[in-house]
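Chemist: One structure, as structure tokens, below. Some questions next.
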Ligand SMILES: [Ca+2]
Ligand SMILES: [Ca+2]
């Protein structure tokens, strides 16, 4: 088949449907292509059908239902802090590809039989009502189990593929207990395919207190942040987070020896993920040519 003749049609069903065709240029085997549909305005599910068209006619169609995620106005990309006080947790969602989930809790809803000597007694606000997110290290968890919490999509517009914008991710963590594992911060950039890059990591007992981390990132396109809690060697290993801020611009210039940047976004240490989460008004259609 002549690659230059290929086209792909996307059909989008809302109440009515419309189709768009776009030339599939530069196709290579194994390379992921993406195409952004920007005229979707109804917040519901979409049925997307993709049909390759060659000089010999249309090929087999692939159809998939893509659900619209709940619009969130908070946090927004400019300056907002998620304190996890609302049960919608600012649009953060649990990863389903990991081993367990983060738990939302406050001093009132804490299990009275919870393990001593680990986890926070209150959230960052020091009130009994204030919520935080944490990973519970008690059974049935085993060493190495991971729980990921994924942020909404921060929809920045890249002016060119090489254009990068500075953001500062600030958050508070509580890592108290003799069996504390690791807390990792990943950035998932959506430009060419989807790539997860670890931008920060911390391991081990840091004492019974909330500490702040400021992590600079330079994403080259729309991005999500992911908190990954890793269960350590035993049950005294609860890890909690609170007050997450994603702010455009550089991080405040203060030295924090607990911060440990491990890799800038886009450089190595990548993990592929196929999770399909949509921004409010943009649907990214991936086309994998085989
Ligand atoms: Ca809180
Ligand atoms: Ca999970």
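Chemist: Across all directions of projection, what mean area in square nanometres is found for the Cα convex hull of region 109-182? All intermediate terms of the calculation are to be shown ahead of the outcome.
Modeler: Details: hull surface 30.9 nm².
Directional mean of the projected Cα hull area for region 109-182 stands at 7.7 nm².
Chemist: Still on this model: Over region 100-197, what is the relative contact order in percent, taking alpha-carbon pairs closer than 8 angstrom and at least six residues apart? Working shown, then result.
Modeler: On the way: 80 pairs, mean separation 28.8, N = 98.
Across region 100-197, relative contact order equals 29 percent.
Chemist: Could you state the principal axis extents of the C-alpha atoms in region 144-242, from the largest down, to the nearest angstrom?
Modeler: Extents along the principal axes: 47, 24, 18 Å.
Chemist: Enumerate the residues in region 235-255 having an amide nitrogen under 17 Å from the point lying 7 Å beyond the Cα of residue 86 toward its Cβ.
Modeler: Residues 243-246 fall inside that zone.
Chemist: Right, something else. Mind running the shape call on region 79-271? Use the C-alpha gyration tensor, a ≥ b ≥ c as the square roots of the eigenvalues: rounded below 1.5 for a/c, prolate if a/b tops b/c, oblate otherwise. Could the numbers behind the result be given before it?
Modeler: On the way: a/c = 1.79, a/b = 1.63, b/c = 1.09.
Prolate is the answer for region 79-271, as a/c is 1.5 or above and a/b outweighs b/c.
Chemist: Can you give the relative contact order of region 79-271 as a percent, counting alpha carbon pairs under 8 Å and 6+ residues apart?
Modeler: Details: 523 pairs, mean separation 58.5, N = 193.
Reported as a whole number, the value is 30 percent.
Rule-based calculations on the coordinates, nothing more; no lab input. In this text the structure is predicted, and so the values were computed from the model without any measurement. Positions of Cβ are backbone-derived with ideal geometry, glycine not excepted, and every protein chain shown enters the neighbour counts.
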